[in-house]
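What follows is calculated from the coordinates using simple rules that are stated; it is not laboratory data. Because the structure is predicted, anything quoted here is derived from the model rather than measured. Glycine also receives a Cβ, built like all others from the backbone with ideal geometry; neighbour counts cover every protein chain displayed.
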Amino acid sequence: RMPRHAQQLRDHDRNPCIAETDASRKCMDDNNYQRDMCTDYFLKYKNCRKFWHDIMMQRRRNGVKPEMPSAEEREKILESI
């Protein structure tokens, strides 16, 4: 059984950047943990986290709950961009 924190990180409704996390981890595995080989993946992850953090902060300021949109709602947000 996974620890609760690990479960939350794998929850698509709580973590919008699971795909980017997995891609970064796979790149590291595939390239014998040479970080410089995976810079693009790290950048995509960082941009994903920043994008959704900004959305979350805006929702918090506006009093919208939950602060992190659900996976379904995030899909609609991305389609509208």
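Can you tell me the orientation of helix 71-80 relative to the chain, as the angle in degrees between its alpha-carbon axis and the longest Cα principal axis, to the nearest 10? That works out to roughly 90 degrees. Only helical runs count toward this figure. For the chain, summing -39,500 (n - 2.57) over DSSP H runs of n ≥ 4 and dividing by all residues gives -20500 deg cm²/dmol at 222 nm. Working from the pairwise distances between different alpha carbons, so that the mean of 1/r is found and then inverted, what is the chain's Kirkwood radius in Å? Taking every pair of different Cα atoms in the chain, averaging 1/r and inverting gives 14.0 Å.
Since only Thr39, Asn62, Thr21 are under comparison, the one whose Cα sits farthest along the positive direction of the charge dipole of the range 4-80, derived from C-beta charges on Lys, Arg, Asp and Glu, is Asn62.
Sorting 44-51, 69-76 by average packing, meaning the other beta carbons within 10 Å per residue, from highest down gives 44-51, 69-76. Annotation: peptides 2-9, 18-25, ranked by per-residue average of other Cβ atoms within 10 Å with the highest first, follow the order 18-25, 2-9. With a threshold of 25 Å on the Cα-Cα distance, the over-threshold entries among Lys50/Lys76; Lys26/Lys65; Lys26/Lys50 are Lys26/Lys65.
The charge dipole of the chain, taken about its Cα centre with unit charges on the Cβ of Lys, Arg, Asp and Glu (plus for the first two, minus for the last two), comes to roughly 440 debye.
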